[in-house]
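The values are calculated or read from the model by the stated rules, or taken from the named source; none is laboratory data. This one's a predicted model, so the numbers in the text were calculated from it and none came from an experiment. Areas reflect the complete protein model, heavy atoms only, side chains present, ligands, DNA and RNA absent. Shrake-Rupley method; radii C 1.70, N 1.55, O 1.52, S 1.80 Å.
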Amino acid sequence: MQGTEPSRRSIATPAIHLSSVTLSERLPWTCWLNVLSLDAVLVALLWQFVFLVGFCDRMPRWHESFVLGAVVWLIYVADRLLDGSRLDLSRPHLVRHRMHHQHAKIWVLVWTVVLMAACSVVVVWMDTAVIRMGLLVAALVLSYGGGVHFWPGRSTVRHVFAKEVQVGVIFAAGVSLIAWLEVPSFSLALACVMSAILFTANCWAVAERESVADQNYDASRSVSPRREMVATLGVTCLAGASGFVGWLPWLVVVCLMGGSLALFATMCWWRRQGRGLCEWNRWSVSGDVRRPWFDRLVPMADWSLMVSPVICWVIL
């Protein structure tokens, strides 16, 4: 698989792009995956498959995949509900934040049902060792949520502990959790570090792409506009070298290199196309309420992380 007060850049920039806005735009189905937080779930399940097949030589069991997918979905929805609770509808904003703002009661109800289902599966089917490790990851998630949403002076905390970096690390820890219990090794640690960098680069790319309409975007943390490109190229080179010397299973190498190159190509294409957010026509416009904005190209970032694992899954 995004508060602080927006910078001047995030307020003023949309005016530059008003000429490219299409008022009758309909939300593509790929963007619905992002709005419903299902894109992050798909990425998590595919990379859990990569780690388990690559290091444990087995496929994920159904309850392992269900719990991981449910937990990822719960985290993302909770994060977006908190973002939506502070949403200013009179300023530019994203579709997913508007959805969680206006339909918060429905989201909370579904969130509660999914939480109860996940807890039931954990209690009945998961091993005690997995639950203990999961609690450590849960502590990281709570630390992330507290720092991003509730810590006094959030801007300082976010500058030191960037939200995207935290998400990348937590995501990598979650998808590799079972592998750590079965085959802890230097190779697994190296793969986790590279996957965390790849997931972080994905978050950086999406945050930058959506910055013109994301009220939670903090431009002061964008120290280098090319950091995500450097990160993806670094993962590609390191994964290739690690595979050549035998430090990583080739399935992991292929997925890391494939995901990094696909994400790099996506970002290059984005830069060539320019930033062109569209306004969605689901809601009427009044004097103090704006239409929500979306970018039809943003889902490409997550699809970049899915392509290689899907191809490997089909082959295997």
Answer yes if at least one residue in region 250-273 is among the basic types (K, R), within 26 Å of L36 (Cα to Cα) and open to solvent by 50 Å² or more (accessible area, probe 1.4 Å), and no otherwise.
no
In region 93-109, the residues that are open to solvent by less than 60 Å² (accessible area, probe 1.4 Å) and part of a helix (DSSP H, G or I)
V95, R96, H97, R98, M99, H100, A104, W107
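Checking the conditions here, which among L198, L177 is over 17 Å from the mean Cα position of the chain (by Cα), modelled with pLDDT of 95 or more and closer than 30 Å to F55 by Cα?
Matching residue, one of L198, L177: L177.
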Restricting to region 29-45, name every residue that is within 20 Å of V114 (Cα to Cα) and assigned to a helix (DSSP H, G or I).
W32, L33, N34, V35, L38, D39, A40, V41, L42, V43, A44, L45
